[in-house]
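The values are calculated or read from the model by the stated rules, or taken from the named source; none is laboratory data. In this text the structure is predicted, and so the values were computed from the model without any measurement. Backbone-built Cβ (ideal geometry, glycine too); neighbour counts: all protein chains shown.
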Amino acid sequence: MEEGKPRHLQPDFYGRFRCRASACRHSCCKGWEIDIDENTLELYQNLSGSWKDKMDAAIVCDDSGAHFRLTEDERCPFLREDGLCELICAFGEDALCDICALHPRFYEVVDSYELAGLGLSCEAVCDLLLAEEGELTLRCEETGKKITLSLLLKSLGCKNAEEALRFIPAEDLSGMLLHLERTEPIDEAWTENLCRLREAVKAGAVPALPNGPRYDRMLQYIVYRSIEHAESAGWPAVLCYAREGVSFVALQDALCGEDPEHLRRWSEQIEYSTENVDLLLNAVK
């Protein structure tokens, strides 16, 4: 490996990810503003015939850049009723704008590492993560070797990494919910659900929260996703942020039954909003 170049790491399940396309219950082509990068915009604007008319009607260009004009029910104009992408069906995946081609992947450079991962707002990613037990391991793209997450954290200055990566439910569930209530809600259903959880906690109607390997693995992946914040927020805040996130999932599981949707929903609400992540990190400093 060339001296000074970052080591590329990715989670153990990264290479097994496949988009569920029409079988997905929570399409990423709904409810999200879809930005169009300059190169892809040029491609779209150079289409001819009926496709030129479609693109003229579908694209909005304003001071913030170019993006698709969503339908009244917040769907991408090229999301077909069968859940497939009209652009892929017509032109192949090379016709996708960068954000569509990338999602749900993410990349962050931290210290001497380039960290790759998959966002938990995708149901397929949640299922891949939770299909296995044991500590999250990371594969080095250059060497093919695997390292544990705790070893990575140690190399980045996190103390007591092994202990920190075992999930212990938050003691103050009311405080955890209060932190979440201060975030900008993604929709009314999120706010309504927090109200129900708060009432259950207040009434003492919550059984002991589950823990164990399933929740350890959630904790570890949220920590991995949040490594970039350790320098500014500090490791204790990152670990507490992850612990509160998994405590929310465990609370949902305790009251409603174990369901990967609880993790996906938390991620959709929190991890895709810089403001919400910063608010929660500051709340636990």
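For every residue, the table says whether it meets (1) touching a residue at least 60 places away in the same chain (Cβ under 8 Å); (2) surrounded by fewer than 21 Cβ atoms within 10 Å (Cβ to Cβ); (3) within 24 Å of Ser27 (Cβ to Cβ).
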{"position": "Phe248", "(1), (2), (3)": "yes, no, yes"}
{"position": "Leu255", "(1), (2), (3)": "no, yes, no"}
{"position": "Tyr272", "(1), (2), (3)": "yes, yes, yes"}
{"position": "Ala283", "(1), (2), (3)": "yes, yes, no"}
*Any chance the stretch 124-135 includes a residue that's modelled with pLDDT of 95 or more, under 20 Å from the mean Cα position of the chain (by Cα) and closer than 22 Å to Ala237 by Cβ?*
no
*Sole exception among (1) farther than 27 Å from Arg225 by Cα; (2) surrounded by fewer than 17 Cβ atoms within 10 Å (Cβ to Cβ) for Ser112, by number*: (1)
*Among (1) surrounded by fewer than 20 Cβ atoms within 10 Å (Cβ to Cβ); (2) farther than 21 Å from Ala57 by Cα; (3) of a type in the set (A, V, I, L, M), the one test that Ala95 misses*: (2)
_Among the residues in the stretch 60-78, are any in a helix (DSSP H, G or I), among the hydrophobic types (A, V, I, L, M, F, W, C) and free of Cβ contacts under 8 Å to residues at least 12 places away in the same chain?_
no
*Counting just the residues of the stretch 120-148 that are in a helix (DSSP H, G or I) and of a type outside the set (A, V, I, L, M, F, W, C), which one comes out nearest to Ser27 (Cα to Cα)?*
Glu123
_Single residue of the stretch 232-246 satisfying the filter (under 21 Å from Arg198 (Cβ atoms) and of a type outside the set (A, V, I, L, M, F, W, C)) that is surrounded by the fewest Cβ atoms within 10 Å (Cβ to Cβ)_ = Arg243
*Which one of these is in contact with a strand residue (DSSP E or B) (Cβ under 9 Å, 6 or more places away or on another chain), in contact (Cβ under 8 Å) with a residue 40 or more places away in the chain and among the aliphatic types (A, V, I, L, M): Leu9, Leu43?*
Leu9
*Would the stretch 85-105 turn up any residue that is closer than 30 Å to Glu228 by Cα and assigned to a strand (DSSP E or B)?*
yes
_Tabulated pairs, the stretch 144-157, first under 10 Å from Gln220 (Cβ atoms) and without any contact (Cβ under 8 Å) to a residue 40 or more places away in the chain, second assigned to a loop (DSSP other than H, G, I, E, B) and of a type in the set (Asp, Glu), C-beta under 8 angstrom, 6+ apart or interchain_ = Thr148/Glu135; Ser150/Glu135
